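The values are calculated or read from the model by the stated rules, or taken from the named source; none is laboratory data. All of these numbers come straight from a predicted model, not from anything done at the bench. Cβ sites come from the backbone with ideal geometry, for glycine too, and all protein chains shown count toward neighbours.
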Amino acid sequence: MTTLQTRPEPATVIRPRAVARTGLSTLLVANAAAVAWFFVQAGFASNTLIVLGRLAGLYGALLMAFQLLLVARLPWLDRRIGMDRLTSWHRRTGFGVLWALLTHAVFITFGYAQASSMDPVSQLVDLAETAEGVLRAVVALALIVVVGAVSARWARRRLAYETWHFIHLYTYVAVVLAFTHQVSTGTTFTSSPAAKTYWYTVWGVALGAVGVGRLVLPLWRNLRHQLRVTAVVPESDDVVSVYVSGRDLDRLPARAGQFFLWRFLTRDRWWQANPFSLSAAPDGRTLRLTAKAAGAGSAALRHIKPGTRVFAEGPYGAFTTLHRTRPGSVLIAGGVGVTPIRALLEDMAGHAVVIYRVATDRDAVLYDELRDLALAKGAELHLVTGPIVPDRLAPSELARLVPDIGDRDVFLCGPPGMMAAVLRSLADLGVPKRQIHFERFSLAG
């Protein structure tokens, strides 16, 4: 259905994601150069293995601090890059930390063993027993190895998120132990007041960012807004919407397309956090989430009673109109992935085409709202039903539904398999990557 178009909003001239990525890259490169400069200024040991081991340890420490920054959930970074990408970078950086610190331990041990004529194992034991801070470093490395092992894809798929998260928290213990090791034995750290100030600043900023983004800001926002459930509305047999209200919600910086980590403070659920997108654009009075009963946490939502206190972390996510580059847009939803798409349509200016992919008409939750919004905003709405095969969102089908798709921004949300198939179709159609916007829910410790 097509009616009159609304006035398109101007395309973004400077891409926010590119600015944030450039800023992070510049920060990392500048600090890598600073680490090298302080390392050279401290002077070299006579043993090459010890020299290389110390350098690997310094870069391992720098990567560890950078890793903390990536998961600090700072709003400026999160809105421009997205938690899923930041989490992916955090994971890759984590393996860099693991290999750098393993290199540090092996090279230092073999270097000192070479100088003392001891075997490497005896040398390591001797260092742990006699050198201040080395035992703490050994414990820190052991913790990082364990966390790295459980973060490997084969292990991550076999662990419940809560179990993995609990183990992952030991990373913070490793950070403290590694920092105290660096303070007590690091020659570069103690070589000059400037070097000491630099490393205190690096660790202070990294740990401070985590404290602000993951502790202070969520606590402050929840104390300020006092969120409570006002209504629980079944949308279908297995989908429910939860309405949440609070104080001064007009000052909560939430945007359509973003999500929160929701904790409903009941006796049996207060400890469990679930990421659910807003299914309606924030209006300053109410927040709404809509979820399908895909697990124990989401299935229990329909039993929450009005008046229940809510602790919400967020808003998070870069799946917003902030990243638009073109006046027109295509919103593609699959299944319950319609929730952020429905919110985005409400917030979207310019002509929009909405494609909603479901197995049957009965699976099209929030369809009546989508239809009414499409009519009000002059958008086209296509409900695509049927089995997975044949692919009803193949390149030829997308080109038929949206002939000018290459000139539009594409916002995509749905099950992983469906998203992967649509991304392949968009690539085949030549849609530029900068015009394709999607986000996966990925949480890191």
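Of the residues making up segment 396-407, those that are closer than 16 Å to A333 by Cα and not acidic (D, E) are L398, L401, V402, I405.
In segment 261-285, of all residues being touching a helix residue (DSSP H, G or I) at 6+ places or on another chain (Cβ under 7 Å) and in a strand (DSSP E or B), the one that is modelled with the lowest pLDDT corresponds to N274. Checking each residue in segment 81-116 for being under 18 Å from Y172 (Cα atoms) and among the hydroxyl-bearing types (S, T, Y) picks out T87, T93. Picking from residues in segment 44-61 that are of a type in the set (S, T, N, Q) and outside any helix (DSSP H, G or I), the one that is modelled with the lowest pLDDT is S46.
Each row is one residue, and each column tells you yes or no for (1) under 30 Å from L265 (Cβ atoms); (2) of a type in the set (A, V, I, L, M, F, W, C); (3) surrounded by fewer than 24 Cβ atoms within 10 Å (Cβ to Cβ).
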site: R309; (1), (2), (3): yes, no, yes
site: E313; (1), (2), (3): yes, no, yes
site: A318; (1), (2), (3): yes, yes, no
site: H323; (1), (2), (3): no, no, yes
site: G328; (1), (2), (3): no, no, yes
site: L331; (1), (2), (3): no, yes, no
site: G337; (1), (2), (3): yes, no, yes
site: R342; (1), (2), (3): yes, no, no
site: G350; (1), (2), (3): no, no, yes
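Scanning segment 273-296 for residues that are out of contact with any strand residue (DSSP E or B) (no Cβ under 7 Å at 6 or more places or on another chain) and farther than 26 Å from D368 by Cβ yields G295, A296.
Is it the case that segment 344-353 has a residue that's assigned to a loop (DSSP other than H, G, I, E, B) and under 22 Å from S277 (Cα atoms)?
Yes, segment 344-353 contains a residue that is assigned to a loop (DSSP other than H, G, I, E, B) and under 22 Å from S277 (Cα atoms).
Summed over segment 353-365, residues that are in contact with a Phe, Trp or Tyr (Cβ under 9 Å, 6 or more places away or on another chain) and either buried (at least 23 other Cβ atoms within 10 Å of the Cβ) or outside the structural domain of F411 (by TED's automatic domain parsing) (or both) total 1.
Note on segment 71-86: residues that are assigned to a helix (DSSP H, G or I) and out of contact with any Lys or Arg (no Cβ under 9 Å at 6 or more places or on another chain) amount to 4.
Looking only at segment 428-439, decide whether some residue is buried (at least 16 other Cβ atoms within 10 Å of the Cβ), hydrophobic (A, V, I, L, M, F, W, C) and within 24 Å of T87 (Cα to Cα). The answer is yes, given that some residue of segment 428-439 is buried (at least 16 other Cβ atoms within 10 Å of the Cβ), hydrophobic (A, V, I, L, M, F, W, C) and within 24 Å of T87 (Cα to Cα). When G96 is tested against (1) on the phi < 0 side of the Ramachandran plot; (2) surrounded by fewer than 19 Cβ atoms within 10 Å (Cβ to Cβ); (3) of a type outside the set (A, V, I, L, M, F, W, C); (4) out of contact with any Leu (no Cβ under 6 Å at 6 or more places or on another chain), just one condition goes unmet, and that condition is (4).
Suppose the filter is under 30 Å from Y316 (Cα atoms), assigned by TED's automatic domain parsing to the domain that holds V183 and modelled with pLDDT of 95 or more; does L74 pass it? It is true that L74 is under 30 Å from Y316 (Cα atoms), assigned by TED's automatic domain parsing to the domain that holds V183 and modelled with pLDDT of 95 or more.
Is at least one residue of segment 321-343 in a strand (DSSP E or B), among the hydroxyl-bearing types (S, T, Y), touching a Gly at 6+ places or on another chain (Cβ under 7 Å) and closer than 30 Å to L429 by Cβ? Scanning segment 321-343, I find at least one residue that is in a strand (DSSP E or B), among the hydroxyl-bearing types (S, T, Y), touching a Gly at 6+ places or on another chain (Cβ under 7 Å) and closer than 30 Å to L429 by Cβ, so the answer is yes.
Cβ-Cβ contacts under 6 Å between residues 6 or more apart (or on different chains), taken from a first residue in segment 144-160 that is closer than 21 Å to Q67 by Cα to a second residue that is of a type in the set (V, I, T) and surrounded by 12 or more Cβ atoms within 10 Å (Cβ to Cβ), are listed as V147/T171; V150/I167. Applying the criterion of being of a type in the set (D, E, K, R) and out of contact with any strand residue (DSSP E or B) (no Cβ under 9 Å at 6 or more places or on another chain) to the residues of segment 374-400, the residue that is surrounded by the fewest Cβ atoms within 10 Å (Cβ to Cβ) is R400. From the residues in segment 79-98 that are of a type in the set (G, A, S) and out of contact with any strand residue (DSSP E or B) (no Cβ under 9 Å at 6 or more places or on another chain), which one is farthest from F319 (Cα to Cα)? The selected residue is G96.
Exactly one residue out of G417, G406 is under 27 Å from the mean Cα position of the chain (by Cα), outside the structural domain of A291 (by TED's automatic domain parsing), small (G, A, S) and not in a loop (DSSP other than H, G, I, E, B), and it is G417.
R371 meets each of the listed conditions (1) surrounded by fewer than 21 Cβ atoms within 10 Å (Cβ to Cβ); (2) of a type outside the set (S, T, Y); (3) outside any helix (DSSP H, G or I) apart from (3). Summed over segment 208-246, residues that are assigned to a loop (DSSP other than H, G, I, E, B) and surrounded by 12 or more Cβ atoms within 10 Å (Cβ to Cβ) total 6.
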